[in-house]
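Enquirer: Input: one structure, supplied below.
The values are calculated or read from the model by the stated rules, or taken from the named source; none is laboratory data. Only a predicted model underlies this, so the values are computations on that prediction, with no experimental measurement involved. Neighbour counts run over all protein chains shown; Cβ positions are idealised from the backbone, glycine included. Surface areas here come from the heavy atoms of the whole protein model, side chains and all, with no ligands, DNA or RNA. Shrake-Rupley method; radii C 1.70, N 1.55, O 1.52, S 1.80 Å.
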Amino acid sequence: MRVIVGWVFLSEGVQKFLLPDALGVGRFAQIGIPLPHVMGPFVGVVEIICGALLVVGLLTRLAALPLLINISVAILSTKVPIVFGHGYWMFTLPKLPRYGFWSMMHEARTDLSMWMGLAFLLIVGAGSISLDALMTRRVAAGRDAGSPS
């Protein structure tokens with residue numbers, strides 16, 4: 001779970017720089033995100049760093065927090081207008097063949113899956129095959145080695 005969720009965010013962050021018009025600054029401007037020339041690269045860097053941390057399982061719970069905020073803003077800015085059938089606040093409505101709840105559920109399937117995966121990692125942590133677990137084992141072994149027998 002951790003590697004898959006991390007890889008998706010890492011990959012999306014890289015693509016914000018490789019394809020800035022479609023997925024970075026240009027996309028942020030189209031959606032209505034304020035300061036797209038700042039927020040596009042900022043979000044890309046957050047996705048790369050936190051995604052990489054998730055992939056290796058280092059500071060997993062901490063890395064999940066900014067990504068949860070990130071994906072929540074993505075859902076609010078790009079998926080909620082689909083339910084309403086019109087833009088709201090500063091967010092624009094994407095051009096789709098249909099609108100409403102089921103259209104939004106279809107469009108949001110990846111975002112919602114990533115949100116649930118991040119919530120899982122925030123609650124459960126990195127798992128036994130991770131740098132977090134390795135560091136915990138080393139600290140525990142060091143404590144045990146220092147205690148009198």
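Enquirer: Where does the Debye-calculated log10 I(q)/I(0) of region 20-73 sit at q = 0.14, 0.28 Å⁻¹, using only Cα point scatterers of equal weight, no solvent?
Expert: -0.39, -1.02
Enquirer: What's the carbon and sulfur percent of the chain's accessible surface, probe 1.4 angstrom, rounded to a whole number? Can you show the working numbers first?
Expert: Values: 6490 of 8960 Å².
Carbon-and-sulfur percentage of accessible area, whole number: 72.
Enquirer: What list of ³J(HN,Hα) couplings, whole Hz, do you get for region 21-35 from phi and the Karplus terms 6.51, -1.76, 1.60, once you set θ to phi - 60° and write x for glycine and proline?
Expert: In residue order, the calculated couplings are 5, 7, 10, x, 4, x, 5, 4, 5, 4, 5, x, 5, x, 6 Hz.
Enquirer: May I pose another question? Dividing the alpha-carbon radius of gyration of the chain by 2.2 N^0.38 Å (N being the number of residues), what value is obtained? Display every interim value, and only then the final one.
Expert: Numbers: Rg = 18.8 Å, N = 149, 2.2 N^0.38 = 14.7 Å.
Ratio of Rg to 2.2 N^0.38 Å for the chain: 1.27.
Enquirer: Which helices, counted as full DSSP H runs in the chain, have an axial Cα extent of no less than 20 Å and a Kyte-Doolittle average of 1.0 or above? Write out the running numbers ahead of the final one.
Expert: Values: long enough: 2-18 (24 Å, 0.98); 36-56 (30 Å, 1.89); 60-74 (21 Å, 1.51); 109-124 (22 Å, 1.34); 131-146 (22 Å, -0.07).
Once both thresholds are applied, what remains is 36-56, 60-74, 109-124.
Enquirer: Ok, one more. Give, as a single signed number, the net charge of other residues whose beta carbon lies under 15 Å from the beta carbon of Val46, with Lys and Arg counted +1 and Asp and Glu -1.
Expert: Working: positive: Lys16; negative: Glu12, Glu47.
Summing Lys and Arg as +1 and Asp and Glu as -1 gives -1.
Enquirer: Could you tell me how many cubic angstrom of Cα convex hull volume region 78-149 has per residue?
Expert: 135 Å³
Enquirer: So what is the calculated 222 nm ellipticity per residue for the chain, using -39500 (n - 2.57) for each DSSP H run with n of 4 or more, over all residues, to the nearest 500 deg cm²/dmol? Let's see the in-between values first.
Expert: Values: 9 runs with 108 residues, N = 149.
Taking each H run of at least 4 residues, the total per residue is -22500 deg cm²/dmol.
Enquirer: Same structure, new question: What number comes out for accessible area per residue over the chain if the probe is 1.4 Å? Units Å², please. Show your work: numbers first, answer last.
Expert: Details: 8960 Å² over 149 residues.
That works out to 60 Å² per residue.
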